[in-house]
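Shown next, in structure tokens, is the structure this report addresses.
Read-outs: derived from the displayed coordinates by stated rules, not from any lab. The model shown is predicted, which means the values in this text are computed figures rather than measured ones. Ideal geometry is used to build each Cβ from the backbone, glycine not excepted, and the neighbour counts take in all protein chains shown.
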Amino acid sequence: IHTLKAMTAETIFQYFPGKMLVPVDTPETVLCVADSWLVNDGQTRALHLHRQRFLSSVLSLTNLQEQDIALFWDAAMAHIPATGLWFPRIELAGSAGNPVFQLRIRKAPALHHTIRLHHSHFADFRKMPRRKGPDLAKCIAMRRNILPAGAEEALITTAQGFILEGLTTTILWWENGTLCHVPPSCRILPGITGQLILRIAGQNGIPVA
């Protein structure tokens with residue numbers, strides 16, 4: 001466990017053979033795959049689903065073996081603080097031919113019960129929407145641009161205006177007591193939180209469409 005005193009707002013590590021994570025000042029900025037989650041005093045919802053999504057994305061993109069990815073994953077998990085509120089992000093950066101594993105230990109943003117949507121929406125501009133990472137920087141930049149308007153999120157839609165998802169969120173909504181979601185066949189990220197909500201709805205007999 002990395003000591004909290006050594007952590008700043010963001011501490012970035014790169015992974016090297018031998019299960020070594022080394023702090024770096026100039027990380028690789030080109031993202032191939034990324035995954036992040038909320039950690040509250042060492043606890044995370046559905047961490048195994050984040051692991052599965054990250055591993056499958058890296059395997060589909062590189063010649064790495066699952067064991068190689070698992071070694072990085074285990075080293076990264078050991079660096080996440082056991083106390084406090086954190087929002088770590090694991091990354092495969094660089095290129096498929098020259099991959100670099102990175103870990104960002106970041107303090108979690110403020111948590112809210114509601115979120116304000118911007119009045120405008122964006123036609124889908126993403127190159128690889130089903131894989132978290134390649135379009136993340138642009139999504140975060142666009143989200144940052146709407147903050148002065150008092151909004152925290154905006155919608156990504158099809159060219160016809162149908163909702164796909166938020167810049168950094170999964171969108172679900174209610175219609176006459178039915179919980180609705182975007183079909184998985186659409187250009188959307190397989191969001192972990194959305195999967196958990198739909199699972200809970202199924203367990204409680206809530207209609208889903």
With +1 at each Lys and Arg Cβ and -1 at each Asp and Glu Cβ, the charge dipole magnitude of the range 68-209 around its Cα centre, to the nearest 20 debye, comes out at 280 debye
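So for the chain, averaging the separation of alpha carbon pairs under 8 Å that are six or more residues apart and normalising by length, what relative contact order in percent results?
The value is 19 percent.
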GNM of the chain, Cα pairs under 10 angstrom: of ARG130, ARG199, ARG143, the biggest fluctuation goes to ARG199
Hey, what number do you get for the chain at 222 nm if only DSSP H runs of n ≥ 4 count, each worth -39500 (n - 2.57), divided across all residues, to the nearest 500?
-> -8000 deg cm²/dmol
Answer label, with Rg/Rh (Cα atoms, Kirkwood Rh) calculated from the coordinates and candidates (i) 1.03; (ii) 0.97; (iii) 1.43 = (ii)
